[in-house]
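Asker: This is the structure I want to talk about, given as structure tokens.
The values are calculated or read from the model by the stated rules, or taken from the named source; none is laboratory data. Computed from a prediction, not measured in an experiment: that's the story for all the values here. Please note: Cβ atoms are built from the backbone with ideal geometry, for glycine as well, and neighbour counts cover all protein chains shown. For the accessible areas, the whole protein counts, side chains as well, though only heavy atoms, and no ligand, DNA or RNA atoms are used. Shrake-Rupley method; radii C 1.70, N 1.55, O 1.52, S 1.80 Å.
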Amino acid sequence: MSGFEAVYPKSEPFSSSVYTPVGCSSVQPYGMLLILNVSDLTVLQVSTNTTDSFKILSPGLQVSLHQLFDQDSVEQIQQLLQLEPMLAARPTLLRLSRSPKQGQQEQGQAWFEGILHWQGDTLLLELEPVEPESEPHWVSLHFQLRSAIARIQKVVELRDFLQLAATEIRAISGFDRVMIYQFDAQNAGEVVAEAKRQDLFSYLGLHYPASDIPAQPRQLYAQGLLRYIPDLTAPNVELLSMQHSPLPSPLDLSFVSLRGTDPCCVEYHRNMGVAALMVIALVKDQRLWGLISCHHQTPKRVPAAIRSICELMGQFIASELANKVNSEELEDLMRLKLLQSEFVASIAQAEDLKAALTHPAPRLLDLVRAQGVAVCLEDEITLIGATPTIEQIEALIQWVSEQMEDSLFHTDSLPKCYPPALEYQATASGLLLLRISQIRRYYILWFRPEVLQTINWAGDPQAVEQGVSQPGTSQPGTPAGTGLSPRRSFEQWQETVRLTSLPWKASELENAKDLRNAIVGIVLTRADELAHMNRELERSNRELESFAYAASHDLKEPLRGIHNYATFLMEDYAELLDEAGIDRLQTLVKLTQRMESLIDVLLKFSQLGQTELQRQPTDLNELLQQVINVFRIGHPQSAIEIRIPRPLPTVNSDPVLVSEVFSNLLNNAYKYNDKANPWVEVGYFQADELPAAKPNLTGGRSPDRFVFYVRDNGIGIRERHLGTIFRLFKRLHPQTMYGGGTGAGLTIAKKIVERHGGQIWVESIPAEGSTFYLTLE
């Protein structure tokens, strides 16, 4: 366990805000730090121990990098400066040499491992003295690395893989103890592998609270950093400015390996009996999976080459984590996948989604190993197994929907984040909620009961999380009890955990997501099939309309011939025909005239489906007045009263077609009226003023939608005919009654209304009158 080693201004208390140790002004003494000007490589700041190796460095004296290193070393750095994007993105490792210069002859040549960082207008150059003759040979290290990787790759199971990895890193680095520490979903962790000296106490299996490694250091480790502190007791070395003017911006030493240690970090590890440490981050799928923490009981120098090998090992281990699984987990995962495959197949074949999800009941429970499930489809909730009540689930859905950002929400301690769940903790301490649709109220909620768990902690986690200060552990400049408080005890401490269920495994969460995707996919497939059917239907309708147009157009020519020849016979051969012959010819002429009227209606009806609507703002008051004027001209003897209770609104419509709708309805109201004082009324309602008994209007009952009506006191319509009066050529009376007609007026009116995206329907009482309602979108 590494503890934390945050670096921040010593006068500031630790906080959980985003961590960047800007303003830090010290480094560890095993190396040196030079701050350089990018433009001319002059030295701006140095760590105070730098003057031991470079005597010419002193405040107020302008010194260039050329005066400190030989020409080859300077040229290395200058070449790197040509690769600005690469250098700015990642520090670069160098081997640098100091050659004797004026005033330095007595010092002789020296070698340094250098790490170069680019930060704004400055370069940060870390230096670590090396003795080439005592450094490990790269060939030997390369062989060690290859051998270790080969042995580790042969291991299949995750636990054995991690244990061997810890053993190999201890063999390479020589630390007394190497632990692999894994974070959980709450950022607490567990030591999952350990290689150590036989005489040391074991931390294997112990848990550590999230506060032991706060968010800020975790953010740094998530960048894949290696942290090395060879001597926790060594005092930090301050930075010294070489120029009178301050730096253009504060330094950020977040990614500087040499950055100074914090007193709290030092005390934390001293309480563990640690004098030197090295921490390697394990980053899997761009997230911090865990840490490799190396401890030594005494100060320990680890050459840069070995640290580099250990870092490569850490990267290899992180990349292999996804490939190493527990054999039991693999078998379990395959079982879940098989169950899911069978489940999805049955859903795809079912007509009813609810029945497919809930019958047989165990399938949905087994999919994520839950003891209860609730299926919510709109306002209907179906319960299976051990669950809260429907009222409690309704409230839970409302709360979760305000919390969740994607399609999945899960917790193994629901009462801790949602206090009302304390009422049903025995049934639902664990919750996995799946939102199937963003638009419709479709949810599946799985529940797990409370399970009492015993966890072995390294010390009492409550004392740490509550910030209990221990003597001599507060930061300098921080009031007692308010700063960081490193623990003194790391002995095993047992805790019984309540209000929690068994945690949801990644495979179970993945199964839930896959179920959602499958349901959505099935629904989309069916929607595609329906859309294909609609397209085929539209194509068929267009072909039918085209056929009706062509057929009716072609029929008119021979019909005119029949009409003309019948007329010619009556005119030219009247003396030769008896009265019966004349009657038959007159009947033939009337039949041709009626047939021509029917063909004209058929032509008009087919053209309605082919022409584009010419929508425009239409004042229905003006339109209706024009319809009434035409009606009065066509029926000069009519005494029917036309009522308009209030001015009509303006709508976006095709005025020519809409005028035909009102004309047909007005003519029908006149024709089918046997009262002594006939009347017809044209008006409108707001959509939300209609009684609930009216049909469901497409698009809902928005207050800004209008429902128009044409009401009369005519003969009315029997209920059995209400569903047929809109059919083409459908007449309820003989041709000789009520002025004849083709029976197409209402059919055309319905077609026009539907072309406008509206609806038309009728209510009627025989012998009292009828009311036609219509909407226009």
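Asker: Report yes if Pro59 is surrounded by fewer than 16 Cβ atoms within 10 Å (Cβ to Cβ), at pLDDT below 85 and out of contact with any Ser or Thr (no Cβ under 8 Å at 6 or more places or on another chain), otherwise no.
Answerer: Taking the combined requirement at face value, the residue does not satisfy it.
Asker: Do you know which of the residues in the stretch 438-456 that are within 14 Å of Leu414 (Cα to Cα) and part of a loop (DSSP other than H, G, I, E, B) is modelled with the highest pLDDT? Please lay out each step first, then the result.
Answerer: Initial filter on the stretch 438-456 (within 14 Å of Leu414 (Cα to Cα)): 445-451.
Checking which are part of a loop (DSSP other than H, G, I, E, B) leaves us with 449-451.
Details: Pro449: 89, Glu450: 84, Val451: 77.
Going through the qualifying residues, I end up with Pro449.
Asker: Please go through the stretch 619-643 and give me each residue that is open to solvent by 70 Å² or more (accessible area, probe 1.4 Å) and either basic (Lys, Arg) or more than 21 Å from Val656 (Cβ to Cβ) (or both), ordered by number.
Answerer: Within the stretch 619-643, Arg632, Pro636, Gln637, Ala639, Glu641, Arg643 qualify.
Asker: With the checklist (1) acidic (Asp, Glu); (2) modelled with pLDDT of 85 or more; (3) closer than 27 Å to Leu226 by Cβ in hand, flag the one item Asp72 doesn't pass.
Answerer: Here Asp72 meets the rest and fails (3).
Asker: OK, next. Search the stretch 492-525 for residues being in contact with a strand residue (DSSP E or B) (Cβ under 8 Å, 6 or more places away or on another chain) and modelled with pLDDT under 55, and hand back the single one that is least open to solvent (accessible area, probe 1.4 Å).
Answerer: Glu495
Asker: Being on the phi < 0 side of the Ramachandran plot and of a type in the set (Gly, Ala, Ser) is the filter here, so list the residues in the stretch 375-417 that pass it.
Answerer: Ala386, Ala395, Ser401, Ser407, Ser413
Asker: For the structure I just gave you, tell me whether Ala548 is modelled with pLDDT under 70 and either surrounded by 13 or more Cβ atoms within 10 Å (Cβ to Cβ) or more than 23 Å from Arg755 (Cβ to Cβ) (or both).
Answerer: It is true that Ala548 is modelled with pLDDT under 70 and either surrounded by 13 or more Cβ atoms within 10 Å (Cβ to Cβ) or more than 23 Å from Arg755 (Cβ to Cβ) (or both).
Asker: Mind telling me which of the residues Arg218, Arg177, Arg197 ends up being of a type outside the set (S, T, N, Q), modelled with pLDDT of 90 or more, open to solvent by 10 Å² or more (accessible area, probe 1.4 Å) and within 43 Å of the chain's Cα centre (by Cα)?
Answerer: Arg177
Asker: Take the stretch 390-422 and flag every residue that is among the acidic types (Asp, Glu) and touching a Pro at 6+ places or on another chain (Cβ under 9 Å). Write out each step before concluding.
Answerer: The first filter runs over the stretch 390-422 and keeps only residues among the acidic types (Asp, Glu), leaving 391, 394, 402, 405-406, 412.
Within the stretch 390-422, just Asp412 meets the criteria.
Condition check ((1) under 22 Å from Lys505 (Cβ atoms); (2) among the basic types (Lys, Arg); (3) open to solvent by less than 30 Å² (accessible area, probe 1.4 Å)) across all residues:
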residue: Ala370; (1), (2), (3): yes, no, yes
residue: Gly385; (1), (2), (3): yes, no, no
residue: Thr411; (1), (2), (3): yes, no, yes
residue: Thr427; (1), (2), (3): yes, no, no
residue: Ser437; (1), (2), (3): no, no, yes
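Asker: Of the numbered conditions (1) open to solvent by 20 Å² or more (accessible area, probe 1.4 Å); (2) within 24 Å of the chain's Cα centre (by Cα); (3) modelled with pLDDT of 90 or more, Leu432 fails exactly one; give the number of that condition.
Answerer: The number of the failed condition is (1).
Asker: Which members of the stretch 251-282 meet the condition of being surrounded by 20 or more Cβ atoms within 10 Å (Cβ to Cβ), within 30 Å of Ala322 (Cβ to Cβ) and at pLDDT below 90?
Answerer: Answer for the stretch 251-282, where residues must be surrounded by 20 or more Cβ atoms within 10 Å (Cβ to Cβ), within 30 Å of Ala322 (Cβ to Cβ) and at pLDDT below 90: just Ser257.
Asker: Let me ask you something else. Select from the stretch 748-777 the residues that are surrounded by fewer than 20 Cβ atoms within 10 Å (Cβ to Cβ), in contact with a helix residue (DSSP H, G or I) (Cβ under 8 Å, 6 or more places away or on another chain) and modelled with pLDDT under 80 and list them in ascending order.
Answerer: Scanning the stretch 748-777 gives no hits.
Asker: Quick check on the stretch 635-663: of everything there that is among the small types (Gly, Ala, Ser) and more than 15 Å from Val680 (Cβ to Cβ), which residue is modelled with the lowest pLDDT?
Answerer: Within the stretch 635-663, the subset among the small types (Gly, Ala, Ser) is 638-639, 653, 659, 663.
Now restrict to residues that are more than 15 Å from Val680 (Cβ to Cβ): 653, 659.
Working: Ser653: 87, Ser659: 82.
By that ranking, first place goes to Ser659.
Asker: If a residue has to be surrounded by fewer than 16 Cβ atoms within 10 Å (Cβ to Cβ), part of a loop (DSSP other than H, G, I, E, B) and in contact with a helix residue (DSSP H, G or I) (Cβ under 9 Å, 6 or more places away or on another chain) to count, how many in the stretch 387-405 make the cut?
Answerer: Final tally of qualifying residues: 1.
Asker: A follow-up question, please. State which residue is farthest from Ala185 (Cα to Cα) when the search covers only the stretch 195-233 and only residues that are of a type in the set (Phe, Trp, Tyr) and part of a loop (DSSP other than H, G, I, E, B).
Answerer: Here the residue is Phe201.
Asker: Is it true that Leu204 is within 45 Å of the chain's Cα centre (by Cα) and open to solvent by 30 Å² or more (accessible area, probe 1.4 Å)?
Answerer: The answer is yes for Leu204.
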